[in-house]
Amino acid sequence: MINYFKTLKQKGFTLIELLIVIALLGALAAGLLAATDPLEQIKKGGDTSIRTQAETLYHAHINFYAQRNTFPTAYGTAPNYIASAATGGLVNSAISELALAGELKTDFTTLAGTAKLAQILVTMTGASANPIVCYQPQSKAFRNDQYTKYDSAGGTQPTSTCPNGTATVCYQCFR
């Protein structure tokens, strides 16, 4: 019987050995967490979503123009600078018109979310000019992207300004 307990004691780990293994696993987990930067990953996901919505909105305008030889009447003929959800009426009218024409889903605003649409800027310079649809990336990866080179109205920024992970005046635009 004594030999049985002696054998059991020799097969286990000591408390010190277990603590060392736990400390090593903790250090590896902390290193992995620091390498992936979860906040940056969340920002990249948000940027991807907003970019998709901006691109969809741009293509809806282009397809609308291709079929009707004009852009949505909500814009009129005067130059308009629109922050999508912030200015509400004008953009919502254009989105409704695009949806009625079948260029956007009827629940586009609901699916995209007003918070995301508020970050998308649409510049129209008249009834027959191409729309410029822009958004400002929040993640470092998107701010360093080669396509982040415009100002909020779609004008090209100097190369020294964009792309730059710290620049807050640079936008990605569909033109």
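The values are calculated or read from the model by the stated rules, or taken from the named source; none is laboratory data. Since the model is a prediction, treat every value here as computed from it, not as a measurement. Glycine gets a Cβ as well: all are built from the backbone with ideal geometry, and neighbour counts include every protein chain shown.
Tabulated results
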read-out	value
Cβ-Cβ under 8 Å pairs, at least 6 apart or on other chains, segment 137-148 side under 11 Å from C170 (Cα atoms), far side assigned to a helix (DSSP H, G or I) and of a type in the set (A, V, I, L, M, F, W, C)	T148/F142
Any hit, segment 150-167, residues being modelled with pLDDT of 85 or more, under 17 Å from E55 (Cβ atoms), surrounded by 14 or more Cβ atoms within 10 Å (Cβ to Cβ) and of a type outside the set (D, E)	yes
Looking only at segment 22-53, and only at residues there that are under 26 Å from F174 (Cα atoms) and small (G, A, S), the one that is surrounded by the most Cβ atoms within 10 Å (Cβ to Cβ)	G46
Positions within segment 92-116 being closer than 14 Å to A54 by Cα and of a type in the set (S, T, Y), in sequence order	T109, T114
Answer residue from segment 107-120, given it is more than 15 Å from Q138 (Cα to Cα) and of a type in the set (A, V, I, L, M) and is nearest to the chain's Cα centre (by Cα) among those	A112
Some residue of segment 125-138 being at positive phi, crowded, with 17+ Cβ neighbours inside 10 Å, at pLDDT 80 or above and in contact with a Cys (Cβ under 6 Å, 6 or more places away or on another chain)	no
Yes/no for A101 being closer than 15 Å to Y58 by Cα, free of Cβ contacts under 8 Å to residues at least 60 places away in the same chain and surrounded by fewer than 18 Cβ atoms within 10 Å (Cβ to Cβ)	yes
Hits in segment 95-118 (condition: among the hydrophobic types (A, V, I, L, M, F, W, C) and either at pLDDT below 80 or assigned to a loop (DSSP other than H, G, I, E, B) (or both))	A101, L104, A118
Residues that are within 16 Å of R51 (Cα to Cα) and among the small types (G, A, S), drawn from segment 121-149	S139, A141
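Results for (1) at pLDDT below 85; (2) out of contact with any Pro (no Cβ under 6 Å at 6 or more places or on another chain); (3) of a type outside the set (S, T, N, Q), shown as yes or no for each residue.
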| position | (1), (2), (3) |
| --- | --- |
| F13 | yes, yes, yes |
| T36 | yes, yes, no |
| E40 | no, yes, yes |
| I50 | no, yes, yes |
| H61 | no, no, yes |
| Y65 | no, yes, yes |
| R68 | no, yes, yes |
| N80 | yes, yes, no |
